[in-house]
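Only the coordinates and a few stated rules stand behind these numbers; no lab work does. Computed from a predicted model, the values in this text were never measured in an experiment. Glycine also receives a Cβ, built like all others from the backbone with ideal geometry; neighbour counts cover every protein chain displayed.
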Amino acid sequence: MALIEIEHLSHVYHAGEEGEQTALDDLSLSIERGEFVAVLGSNGSGKSTLAKHLNALLLPTSGACRIDGIDTREEADVWRIRQKVGMVFQNPDNQLIAAVVEDDVAFGPENLGVPSAEIRRRVDEALKAVNMTEFRSYAPHLLSGGQKQRIAIAGTLAMQTEAIVFDEATAMLDPEGRAEILSIVQRLHEEQGITVVYITHFMEEAAAADRILVLDHGRLVMDAPPREVFRHARELRALGLEVPLAVELRDRLRAAGVALPEDLLTPAELVAALSGKGGAASGD
Amino acid sequence: MLSNITIGQYFPGNSLLHRLDPRTKIVVLFALIVALFLFDRPADYLVMSLLTLAFMLLSRVPLRTLLGSLKPLWWILLFTFLIHLCSTPGEEFAHLWVFSLTFEGLAHGFFICLRLVLLLLLSSLLTFTTSPLKLTDALEALLSPLKRIGVPAHELAMMMTIALRFVPTLIEETDKIMKAQQARGADFVTGSIVRRLKNVVPILVPLFISVFRRADDLAMAMEARCYHGGEGRTQMKQLHFLPLDYLAWGGTALLLAVLAALWLL
Ligand SMILES: Nc1ncnc2c1ncn2[C@@H]1O[C@H](COP(=O)(O)OP(=O)(O)O)[C@@H](O)[C@H]1O
Ligand SMILES: [Mg+2]
């Protein structure tokens with residue numbers, strides 16, 4: 001059984017009222033344990049709405065969303081679901097609750113009624129996993145955006161979630177903070193096998209995933225590995241999305257007549273392909 | 001410009017008073033305040049003054065800092081003193097317009113002011129030696145027996161926690177908005193009151209919008225982390241009484257008993 005199973009999920013805001021807004025439209029997909037899935041889509045395509053379904057912050061208008069086999073509409077199981085799927089939101093300032101870092105990380109397990117000694121152990125471990133141990137007694141407002149997001153990640157780790165959903169968690173960070181978060185997420189995914197759902201506007205981040213979902217007007221329009229998705233650069237641009245720099249360069253060079261593989265994805269691959277070419281060109 | 005505002009007035013340290021359990025400190029403070037109001041003979045005042053002085057020395061908080069907390073009360077003290085001086089019947093030593101100033105008034109005014117000063121010093125000692133976080137935990141612990149009669153102990157503590165977390169953030173934000181408005185030529189320091197108030201509106205509006213947005217986000221984040229009120233909640237940091245605390249409880253009880261006994265004699 002997949003960790004996340006979504007079947008014919010639709011979500012309509014203000015259903016039956018004035019200003020009715022269909023945010024998700026007949027979405028079906030499943031995400032296995034241990035996958036790293038990126039979600040792309042222009043503003044208003046329904047990414048956040050999807051994210052909020054994954055831990056029962058929103059419930060389907062129709063269709064179903066199951067986490068580890070539990071239907072999110074089962075009211076009695078809502079805490080079990082939220083314990084399995086954690087969330088890191090966009091604004092680093094608006095998701096830390098306590099006035100001291102380690103108290104904030106403890107917030108989730110405290111709500112779950114975990115015994116004190118066990119909370120202590122989990123908090124220490126979670127802070128270590130995001131390299132924030134030395135900031136344990138800081139006030140959150142003294143931290144950088146990237147550091148705050150690391151604390152938010154630690155907060156979900158301390159609940160021992162199996163999956164973490166990032167809803168544009170790097171959108172408000174500087175490039176340094178962004179790189180920091182992505183590398184921590186990759187490490188948690190590889191070392192602890194955490195399932196990652198990573199909503200982002202940054203294509204380089206999406207390229208790091210195992211699989212990319214592309215949403216458009218609440219519909220799933222692509223669901224494939226990055227290499228496959230970025231092959232369709234033109235379609236992506238039509239959806240209002242960018243492509244990674246290496247892909248952009250690949251397409252321009254191809255258009256200019258340079259023979260490059262059409263599924264080339266990373267800067268390293270580009271460099272390798274071009275230096276190969278360089279040898280051939282000098283032979284001309 | 002707003003960065004010199006701090007919440008509370010915690011003075012970090014490791015004195016005996018700092019090490020007392022915050023619950024002990026609150027209860028002892030409460031007992032001493034009651035004593036201040038119950039026992040009001042000169043000898044009682046002497047005992048309480050000496051005790052306060054001893055606490056001040058024990059706290060290792062600089063005297064200047066401690067006395068600084070009296071500053072806002074200066075006018076109230078003066079006013080209280082004058083009222084008592086003028087309105088207490090007794091042996092008159094001077095006459096001023098319709099008021100007769102009496103020796104009794106002089107004494108009465110002095111003791112009432114002393115009482116206020118002691119009250120303020122003792123309460124300041126609590127906030128100087130206890131971090132706001134510990135105060136919050138202690139308040140929740142002390143109020144929790146009252147949950148049964150409907151006192152929202154956990155909710156109050158949660159509100160204090162969130163306030164402690166967000167006040168600095170909001171101050172920073174206000175500062176940013178003010179600077180942005182000043183860059184556009186707004187003036188908050190000169191001009192008539194009406195004019196200055198008018199200039200405050202463009203600060204308050206964006207601030208309020210942002211506060212509501214934050215509250216919305218925060219509620220969502222708390223829900224995502226399984227927050228569902230105080231029911232079944234545990235705490236990572238639990239308060240523990242030390243031998244020092246028992247000593248403080250015992251000492252306070254003894255003091256109250258002695259004062260009460262002297263009163264009855
Ligand atoms: N609380 C809401 N009430 C009404 N409409 C909403 C609400 N939240 C989002 N929407 C609408 O639903 C659509 C999808 O929004 P969202 O999931 O936030 O998209 P994204 O995160 O991809 O930008 C948008 O058209 C948006 O206007
Ligand atoms: Mg969004």
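By the scheme Lys and Arg +1, Asp and Glu -1, what is the net charge of all other residues having a beta-carbon under 14 Å from that of B:MET158?
Within the 14 Å Cβ shell, the charges total -4.
At a threshold of 8 angstrom on Cα-Cα distance, excluding pairs fewer than six apart, so keeping six or more, what relative contact order does the stretch A:173-247 reach in percent?
19 percent
Give me, ordered by chain and number, the residues 5 or more places off A:VAL88 or on other chains with an amide H under 5 Å from its own placed amide H.
A:VAL165, A:PHE166, A:ASP167
What chymotrypsin sites (Phe, Trp or Tyr not before Pro) in the stretch A:189-267 are in a loop by DSSP, with at most 11 other Cβ atoms within 10 Å of the Cβ?
Answer by residue number: there is no such site.
Summarise the partner chain shielding of B:226-234 as one whole number: the mean count of Cβ atoms from other chains within 10 Å of each residue's Cβ.
On the way: counts 16, 8, 5, 1, 1, 2, 5, 7, 11.
Mean inter-chain Cβ contacts per residue within 10 Å come to 6.
Mind checking B:165-172 for the average number of partner chain beta-carbons within 10 Å of each residue's beta-carbon? Walk me through the numbers on the way to the answer.
Working: counts 11, 7, 2, 5, 6, 1, 1, 2.
Partner Cβ neighbours, averaged per residue: 4.
Please list log₁₀ I(q)/I(0) at q = 0.12 Å⁻¹ for the stretch B:1-120, using the Debye equation with identical point scatterers on the alpha-carbon positions.
Per q value, in the given order, log10 I(q)/I(0) is -0.59.
Hey, can you grab everything whose amide H is under 5 Å from the amide H of A:SER10? Only 5+ residues off in sequence or another chain; H modelled, so Pro and N-termini drop out.
A:ASP26, A:LEU27, A:THR61, A:SER62, A:GLY63
Quote the Stokes-Einstein diffusion coefficient, in whole µm² s⁻¹, for the protein assembly as shown, based on the Kirkwood radius over alpha carbon pairs, a temperature of 20 °C and a viscosity of 1.002 mPa s.
Details: Rh = 28.3 Å.
The calculation lands on 76 µm²/s.
Going down the list A:LYS128/A:LYS148; B:LYS25/B:LYS134; B:LYS134/B:LYS237; B:LYS147/B:LYS237, which pairs span over 18 Å between their C-alpha atoms?
Numbers: A:LYS128/A:LYS148 14 Å; B:LYS25/B:LYS134 11 Å; B:LYS134/B:LYS237 10 Å; B:LYS147/B:LYS237 21 Å.
B:LYS147/B:LYS237, as the Cα separations exceed 18 Å there.
Give, in whole angstrom and from largest to smallest, the semi-axes √(5λ) of the equivalent ellipsoid of the stretch A:1-101, with λ running over the eigenvalues of the Cα gyration tensor.
Largest first, the stretch A:1-101 gives 22, 19, 15 Å.
Counting residues in chain B as N, plug N into 2.2 N^0.38 Å and put the Cα Rg over that result.
1.31
Take every Cα pair under 8 Å in chain B that's 6+ residues apart, average their separations, divide by the length, and report that relative contact order as a whole percent.
26 percent
Residue by residue, what Karplus-based ³J(HN,Hα) values in Hz, rounded to whole numbers, does the stretch B:217-231 have, using 6.51, -1.76 and 1.60 with θ = phi - 60° and x for Gly and Pro?
Coupling constants for the stretch B:217-231: 4, 5, 4, 4, 5, 5, 5, 4, 9, 6, 6, 9, x, x, 4 Hz.
Under the rule a/c < 1.5 gives rounded, and otherwise a/b versus b/c splits prolate from oblate, where does the stretch A:44-116 land using the Cα gyration tensor?
On the way: a/c = 3.37, a/b = 1.40, b/c = 2.40.
In terms of gyration-tensor shape, oblate.
Just to be sure I understand the model, the point goes 7 Å from the Cα along the line to the Cβ. What's the resulting B:SER15 to A:TYR13 distance in nm?
5.5 nm
Give me the dipole magnitude in Debye, nearest 20, for the protein assembly as shown about the Cα centre, with unit charges on the beta carbon: positive for Lys and Arg, negative for Asp and Glu.
On the way: 50 positive and 63 negative charges, 389 e Å.
In debye, rounded to 20, the protein assembly as shown gives about 1860.
Please build a GNM for chain B, connecting alpha carbons under 10 Å apart, and tell me which residue among B:LEU133, B:LEU254, B:LEU29 fluctuates the most.
Greatest mean-square fluctuation among the candidates belongs to B:LEU254.
Give me the number: length gained by fully extending B:ALA219 to B:ASP187, i.e. 0.36 nm times residue separation minus the C-alpha to C-alpha distance, one decimal in nm.
Between B:ALA219 and B:ASP187, full extension yields 8.0 nm more.
Apply the Debye scattering formula to chain A, with a single equal point scatterer on each alpha-carbon and no solvent, then give log10 I(q)/I(0) at q = 0.13, 0.14 Å⁻¹.
One equal scatterer on each Cα of chain A leads to -0.91, -1.03.
A:VAL221's amide H: which non-local residues (gap 5+, or another chain) put their own amide H closer than 5 Å, with H modeled 1.01 Å from N in plane and none for Pro or chain starts?
A:VAL214, A:LEU215, A:ASP216
When Lys and Arg each count +1 and Asp and Glu each count -1, what net charge do the other residues less than 15 Å away from B:GLU104, Cβ to Cβ, add up to?
Net charge in that neighbourhood comes out at -2.
Taking N as the number of residues in the stretch B:94-142, what is its alpha-carbon radius of gyration divided by 2.2 N^0.38 Å?
Scaled against compact globular proteins, the figure is 1.97.
For chain B, the longest stretch holding no chymotrypsin sites (Phe, Trp or Tyr not before Pro) located in a DSSP loop with at most 15 other Cβ atoms within 10 Å is which?
With a cap of 15 other Cβ atoms within 10 Å, the longest stretch comes to B:1-96.
Mind grabbing the base-10 log of I(q)/I(0) for the stretch A:144-273 at q = 0.09, 0.14, 0.16 Å⁻¹? Debye formula, identical points on the C-alpha positions, no solvent, two decimal places.
Evaluating at q = 0.09, 0.14, 0.16 Å⁻¹ gives log10 I(q)/I(0) of -0.30, -0.70, -0.88.
Treating only the Cβ atoms of Lys and Arg (+1) and Asp and Glu (-1) as charged, compute the dipole magnitude of the stretch B:18-106 about its Cα centre; round to the nearest 20 debye.
I would put it at about 720 debye.
Can you give the local net charge around B:SER210? Use residues other than it whose beta-carbon is closer than 12 angstrom to its beta-carbon, Lys and Arg +1, Asp and Glu -1.
Working: positive: B:LYS176, B:ARG213, B:ARG214; negative: A:ASP93, B:GLU172, B:GLU173, B:ASP216, B:ASP217.
Here the count lands on -2.
Given only helices, namely DSSP H runs of n ≥ 4 each adding -39500 (n - 2.57), what is the per-residue ellipticity at 222 nm of chain A, to the nearest 500 deg cm²/dmol? Intermediate results must be reported in sequence, preceding the final value.
Working: 11 runs with 112 residues, N = 284.
Calculated mean residue ellipticity at 222 nm is -11500 deg cm²/dmol.
Would you be so kind as to identify which of B:LEU73, B:LEU118, B:LEU57 lies farthest towards the positive end of the dipole of the stretch B:37-140, taking Lys and Arg as +1 and Asp and Glu as -1 on Cβ and the Cα centre as origin?
Ranked along the dipole, the leading option is B:LEU57.
Along the stretch A:257-272, what does the Karplus equation 6.51 cos²θ - 1.76 cosθ + 1.60 (θ = phi - 60°) give for ³J(HN,Hα), rounded to whole Hz, x for Gly and Pro?
x, 7, 7, 10, x, 7, 10, 4, 10, 9, x, 4, 5, 4, 4, 4
Rg to Rh ratio, the stretch A:35-181, alpha-carbon atoms and Kirkwood radius?
The Rg/Rh ratio comes out at 0.97.
Write down the percent of antiparallel bridges among all DSSP beta bridges whose residues are both part of the protein assembly as shown, to the nearest 5.
Counting DSSP beta bridges with both partners in the protein assembly as shown, the antiparallel share is about 60 percent.
Please list 3J(HN,Hα) in residue order for the stretch B:113-120, calculated via the Karplus relation 6.51 cos²θ - 1.76 cosθ + 1.60 where θ = phi - 60°; whole Hz, with x for glycine and proline.
Karplus-based 3J(HN,Hα) across the stretch B:113-120 equals 5, 4, 4, 4, 4, 4, 4, 5 Hz.
How shielded is A:73-85 by partner chains, expressed as the average number of their Cβ atoms within 10 Å of its Cβ atoms?
1
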